[in-house]
Structure formats: structure tokens, C-alpha cells
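These notes are about the structure you will find just below.
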Amino acid sequence: MTWRNTSERYGSLSIGIHWLMLLLLAAVYACIELREFFPKGSDPRESLKTWHFMLGLSVFVLVWLRLVLHAIGPTPRIEPEPPKWQALAAKLMHLALYALMIGLPLVGWLLLSAAGKPIPFFGQQLPALIAENKGLAETIKEVHETGGTIGYVIIGLHAFAALFHHYWVGDNTLRRMLPGNS
């Protein structure tokens with residue numbers, strides 16, 4: 001398998017980044033959900049929040065590489081070709097996923113900035129994007145949490161669609177993104 005995309009299947013680089021992003025997103029969500037098991041202000045809770053921030057920003061960094069790979073390489077054909085409405089739904093779903101992977105980390109960065117908190121990134125402190133404003137921080141927090149909830153739905157629909165195409169429709173939608181010679 002080549003590292004570059006072909007008209008038949010995604011290359012190993014695109015496949016690797018896709019599945020790495022899935023793992024990162026799962027870890028981002030796990031960190032923020034698991035923090036609830038620990039008392040406010042406790043070390044485990046604060047550590048999980050820090051990992052949530054850093055992994056979320058990692059998604060933000062890697063999504064740009066995904067976009068570059070998408071722009072410079074072909075998108076493998078789906079065989080048999082899906083109906084036009086499914087192709088449109090797939091494009092809208094991917095647009096929503098990219099909006100999630102860009103928007104939520106950026107809104108999280110804005111939230112930490114407005115709250116006057118440090119923005120940790122693997123031993124570095126990133127600069128604040130906006131000045132401290134506690135009232136604005138509350139509003140941004142609501143947007144971030146709502147976006148996170150919507151993210152569960154978007155990611156779930158994406159996974160469901162891939163499995164639907166694989167097991168029900170029987171096309172190569174999922175096989176194009178599986179590692180190896182699927």
C-alpha cells in the first residue's frame with residue numbers, strides 16, 4: 001500500500017491520521033467525562049482537564065494536515081457509486097466533522113483565554129487568544145459544551161454510516177479507509 005491516496009483507496013498516511021484522530025477524539029471525550037468521578041480541585045480531576053485541553057489542541061493541529069492531504073490527493077471512488085443524495089449527505093457529514101475538529105478546539109482555547117486560565121500544550125503555554133472576561137467565558141463554555149454534545153451525534157452518525165455501507169449496502173466505503181489490503 002502506498003502512503004498517498006489513489007482513486008481506489010486511501011493511502012497509509014490518510015488512513016493512519018484518520019484512525020489516530022478517532023483515538024484522539026475518544027480520549028478527549030473520555031478525559032472530560034471521567035473528570036466527573038473526581039472531586040472538584042482534586043489532582044486527578046485537574047490532570048484529566050489538562051489532558052482534555054492538550055489532546056483537543058492536538059486534534060486542532062492534526063486536522064490541518066488532514067485537510068492538506070485531502071486537498072492534494074484524490075478521493076477514492078465508492079463502488080458501486082452511491083445515489084446523489086447519499087453523496088451529498090456524505091459531503092455534509094464530512095463538513096460537519098471538520099467543523100467539529102476545528103471549531104471545538106478553537107472554542108476551547110477561547111474559553112481558557114476568557115477564563116484567564118493557562119493554555120497547556122505538552123510542556124508549553126500557548127498565548128491567550130482574547131483578554132480575560134469571566135462573563136464571556138461562561139457564554140463560550142455553553143457553546144463549547146453544546147458543540148461537544150453535537151459532536152457525539154456527528155461522530156456516531158459517521159460511524160453508523162460507515163457500518164451501514166459496509167454491512168447493508170455492501171460497497172467499499174469503509175474498506176477504502178481500513179489499513180492493509182482490505
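Which one is nearest to the chain's Cα centre (by Cα) among residues in the range 28-49 that are aliphatic (A, V, I, L, M) and buried (at least 17 other Cβ atoms within 10 Å of the Cβ)? Outline the logic, then answer.
Of the residues in the range 28-49, the ones aliphatic (A, V, I, L, M) are 28, 30, 32, 34, 48.
Filter again for buried (at least 17 other Cβ atoms within 10 Å of the Cβ), leaving 28, 32, 48.
Values: V28: 9, I32: 15, L48: 18 Å.
It comes out as V28.
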Out of (1) within 25 Å of L112 (Cα to Cα); (2) of a type outside the set (K, R); (3) within 14 Å of the chain's Cα centre (by Cα), the odd one out for E145 is which?
(3)
Look at K117 and say whether it is outside any helix (DSSP H, G or I) and either at negative phi or exposed (fewer than 14 other Cβ atoms within 10 Å of the Cβ) (or both).
yes
Please verify whether S14 is polar (S, T, N, Q) and surrounded by fewer than 17 Cβ atoms within 10 Å (Cβ to Cβ), treating the condition exactly as stated.
no
Could you list, in sequence order, all residues of the range 71-88 that are of a type outside the set (D, E, K, R), closer than 20 Å to Y10 by Cβ, without any contact (Cβ under 8 Å) to a residue 40 or more places away in the chain and surrounded by fewer than 15 Cβ atoms within 10 Å (Cβ to Cβ)?
A71, I72, A87
Read through the list (1) in a helix (DSSP H, G or I); (2) in contact (Cβ under 8 Å) with a residue 60 or more places away in the chain; (3) in contact with a Ser or Thr (Cβ under 9 Å, 6 or more places away or on another chain), then give the number of the only condition that M93 fails.
(3)
From the list L22, L106, L55, which residue is surrounded by fewer than 19 Cβ atoms within 10 Å (Cβ to Cβ) and free of Cβ contacts under 8 Å to residues at least 40 places away in the same chain?
L22
Per the list (1) hydroxyl-bearing (S, T, Y); (2) over 18 Å from H158 (Cα atoms); (3) assigned to a loop (DSSP other than H, G, I, E, B); (4) out of contact with any Gly (no Cβ under 7 Å at 6 or more places or on another chain), residue check on T75 breaks on (2)
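Every number here is computed from the coordinates shown, using simple stated rules; none is lab data. This is a predicted model, so every value here is computed, not measured. Neighbour counts run over all protein chains shown; Cβ positions are idealised from the backbone, glycine included.
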